[in-house]
Amino acid sequence: VNDNPSQYKITLSGTLKSPKLNFDPPFLIMMPVPLDVETEADINIVPQDYLRHSHIYIEVPQIELEDGDRICPFSVQFPEGQDIVVSSDGKNNQLICHISFRSSKPVSVLWNMCFIDEEEN
């Protein structure tokens, strides 16, 4: 460098990892129950490659019945919170998601649960 006209070229390379969520179990089958009886289950959410604090949301759908009524038989809770926290060693904490179902009318549904973060990933 020091007044030397030589050119220096620096090449940088890297890998960008997108944050993602893994689920244990990967799918959930709720047991059939009589009307107005609750069935429930827990799933573990395992975040990967989140580099900063994030908040997870879930979209809970309304279901349209044969008679045209709309109900929301699913309830979702996060007993230990919905925040993904990055520890000092760079790992993300696991989250527990408690899902329950109760309906006063007969219903059978196949539902994809959509988990999103505050950046809508």
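The values are calculated or read from the model by the stated rules, or taken from the named source; none is laboratory data. This structure is a prediction, so every number in the text was calculated from the model and none was measured. FYI the Cβ positions are ideal-geometry reconstructions off the backbone, even for glycines, and counts take in every protein chain you see. SASA here: full protein model, heavy atoms, side chains in, ligands and nucleic acids out. Shrake-Rupley method; radii C 1.70, N 1.55, O 1.52, S 1.80 Å.
If you take the residues of the range 69-82 that are out of contact with any Lys or Arg (no Cβ under 8 Å at 6 or more places or on another chain) and within 15 Å of Ser108 (Cα to Cα), which of them is most open to solvent (accessible area, probe 1.4 Å)?
Residue satisfying both the conditions and the ranking: Arg70.
Across the range 67-89, what is the number of residues that are without any contact (Cβ under 8 Å) to a residue 12 or more places away in the chain, closer than 27 Å to Leu51 by Cβ and not charged (D, E, K, R)?
Residues in the range 67-89 being without any contact (Cβ under 8 Å) to a residue 12 or more places away in the chain, closer than 27 Å to Leu51 by Cβ and not charged (D, E, K, R): 2 in total.
Before we move on, is Glu40 charged (D, E, K, R) and surrounded by fewer than 13 Cβ atoms within 10 Å (Cβ to Cβ)? Walk me through how you get there before you give the answer.
Values: charged (D, E, K, R): yes; surrounded by fewer than 13 Cβ atoms within 10 Å (Cβ to Cβ): no.
Here the answer is no, as Glu40 does not meet what is asked.
Tally time: how many residues in the range 22-36 are under 21 Å from Pro79 (Cα atoms) and surrounded by fewer than 13 Cβ atoms within 10 Å (Cβ to Cβ)?
6
Residue check, Asp3 against (1) at pLDDT below 90; (2) over 19 Å from the mean Cα position of the chain (by Cα); (3) open to solvent by 60 Å² or more (accessible area, probe 1.4 Å); (4) at negative phi, all met but one. Which one?
Asp3 satisfies all of (1) at pLDDT below 90; (2) over 19 Å from the mean Cα position of the chain (by Cα); (3) open to solvent by 60 Å² or more (accessible area, probe 1.4 Å); (4) at negative phi except (4).
If the Cβ limit is 6 Å and pairs must be 6+ apart or interchain, which residue in the range 12-26 that is among the basic types (Lys, Arg) pairs with which residue that is in a strand (DSSP E or B) and surrounded by 10 or more Cβ atoms within 10 Å (Cβ to Cβ)?
Sorted first by the residue in the range 12-26, then by its partner, the pairs are Lys20/Gln48.
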